[in-house]
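Here is the structure we will look at.
Read-outs: derived from the displayed coordinates by stated rules, not from any lab. Just so it is clear, the structure is predicted and the values come from calculations on it, not from any experiment. Heads up, the Cβs are rebuilt from the backbone with ideal geometry, glycines too, and the neighbour counts pull from every protein chain shown.
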Amino acid sequence: MNSTAQHIAVIGGGLAGLTAALDIAKQGMHVDLYESAPSLGGRTQSFFHHPSQSWVDHGPHLLIGAYHHTIALLKDIDALQNTQWQNSLNLPLWDMQRGHFSLTTSKLLPFPLAQMHAVYKMPHHGMKTLPSLLRMALSMKNISSDKVSDWMIKANIHPNLQRDMLEVLCLAAMNEHMHAANAASFAQVLQQAFSTHHTARLGWFTKPLSQALIQPLESHCKTRGVHIHTSSRVLALHAHQHGCDVKTRLGKKHYHQVILACSPSIRNKLLHIEQPIATQSITNIHLWFDQQVTLQTPFVGGIGTYGQWFFDISQQFNTKASSSHICAVISADKSKSSKTKKVHTVLQELQHITQQPQLQPISQRIITVQTATHCVCPIARPNMPKHTIDACEQPTEGELPATIETAVLRGHRAAQQCLTNTN
Ligand SMILES: Cc1cc2nc3c(=O)[nH]c(=O)nc-3n(C[C@H](O)[C@H](O)[C@H](O)COP(=O)(O)OP(=O)(O)OC[C@H]3O[C@@H](n4cnc5c(N)ncnc54)[C@H](O)[C@@H]3O)c2cc1C
């Protein structure tokens, strides 16, 4: 059948679903995108915070230069200007004993040398940990361990390098601690990120995600003719010989192909698949102050602190105001403390980091996204019925973990699959 006569449904209006819908619509196909929430964006959605009269992300998102597909998409939807990038890697860190220090690579050196120099310069490193960096690089080609912590033991990686570099990166990239994170997937992340100055640098959005990313994507989808149905939960799917029927509260509609870009647990429910799905949470503690609370850099990684990352949102958004918005992020948060205690702990840490002992927030909000990411797990993706395509987040061992980059990639791949099936 001619591709322009094809009717395609996309289930899920997060980054993966929107990317797939845009790609398919560009080929002239009719696309209906169904999103159960009142607005698009999924986990990259923002909400309006009345006390500060501002849009706020559930949690801030970091980018790395190796996010080639995300960067290309941002260019395509004229949104790259909504991000800011380091020139080369600078990982600002802080601990109680050493204060501020960083893993900073000099662009004057070729990347591998710059990386060695950066580790050498960190306090409590030097020749003590440099050989570990080399051992790690060598062992990366042939990972035989299941978990990152086993890999570290096998490769005899110095505890200081684990604490100041690897645990920080593992939590940020995998949203899991080293004892739980898959070694082969983490090695993939390190190989992709630590290959050049360009890929290793970090980036961030200069506006809330709904404005920086989702609105431009939605607007490009609409221009290309995608029919977007928000507040439209898909209740049932029926795949048969001639296509797939999609049921929402408004009734049933026939499609030639259906892309599932919702969570894997919803996919399994819709397709009656029995399969355990492992997820990991992220806790975000937002604090607003009626005074300037400026971090030395747009974000700081805490070593030995409860708050793993402290994001200076006002600095990232370049907000010219006397007030400040800081967000502390805790990946794979296992603390059983009360919300009040968590906020208190993070505030004390922030007081030390900024050396502003009198800090008191005027407003606070703690958001724990329970299903922030789907963990890398050994279970393979299920076989999909004919006329359905899987674009759900379900990384398996050795694959890149769940990030916005892999969401964009899943969207592109599902659209490609859809086109291949048509031709
Ligand atoms: C707090 C937080 C911080 C993060 N930080 C980072 C970071 O720093 N860097 C990074 O790269 N990544 C980060 N991530 C991960 C990243 O946001 C996700 O991996 C990515 O957004 C997933 O996109 P997606 O489209 O696959 O899924 P989702 O965004 O979950 O989209 C799925 C959509 O499907 C919809 N849906 C579900 N069921 C139905 C149904 N029956 N009918 C219709 N629609 C349905 C949902 O409402 C949702 O909108 C973070 C995530 C969180 C939560």
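Decide, for segment 204-287, between rounded, prolate and oblate: order the square roots of the alpha carbon gyration tensor eigenvalues as a ≥ b ≥ c, take rounded if a/c falls under 1.5, and otherwise choose prolate if a/b is larger than b/c, else oblate.
It comes out oblate by the Cα gyration axes.
Sticking with the crude label model, points 7 Å out along Cα→Cβ, report the distance from LYS252 to ILE362 in nm, one decimal please.
About 5.7 nm separates the two model spin labels.
Below 16 Å, Cα to Cα, which lysines can LYS107 reach? Residues fewer than 8 away in the same chain don't count.
LYS107 reaches LYS121.
Quick one: work out the % antiparallel among DSSP beta bridges in the chain, nearest 5.
Rounded to the nearest five, the antiparallel share is 75 percent.
For the modelled label position 7 Å from the Cα of TRP85 along Cα-to-Cβ, which residues of segment 185-199 have backbone nitrogen atoms closer than 18 Å?
Under 18 Å, as judged by backbone N against the label point of TRP85, lie 192-199 of segment 185-199.
Work out which helices of the chain, taken as complete DSSP H runs, extend at least 20 Å along their axis over the Cα atoms and score a mean Kyte-Doolittle of -1.0 or more, then list them.
339-354, 404-422
Starting from the Cα gyration tensor of the chain, multiply each eigenvalue by 5, take the square root, and state the resulting semi-axes largest first in whole Å.
Equivalent-ellipsoid dimensions as semi-axes: 38, 26, 20 Å.
Would you kindly give the portion of the calculated P(r) for segment 87-200 that falls above 21 Å, as a percent of all Cα pairs?
33
Give, to the nearest whole percent, the P(r) tail of segment 319-423 beyond 25 angstrom, counting all Cα pairs.
The answer is 49 percent, as a whole percent.
Please report, to one decimal in angstroms, the Kirkwood hydrodynamic radius of segment 226-370 built from all distinct Cα-Cα pairs.
18.7
All other residues with a Cβ under 14 Å from the Cβ of VAL234 taken together, and with Lys, Arg as +1 and Asp, Glu as -1, what is their net charge?
Combined, the nearby Lys, Arg, Asp and Glu give +4.
Any of LYS222/LYS320; LYS154/LYS334; LYS26/LYS253; LYS75/LYS386; LYS147/LYS341; LYS128/LYS154 with alpha carbons more than 24 Å apart? Name them for me.
LYS222/LYS320; LYS154/LYS334; LYS75/LYS386; LYS147/LYS341
In what order do THR19, THR371, THR4, THR283 fall by count of nearby beta-carbon atoms within 10 Å, going from fewest to most?
THR4, THR371, THR283, THR19
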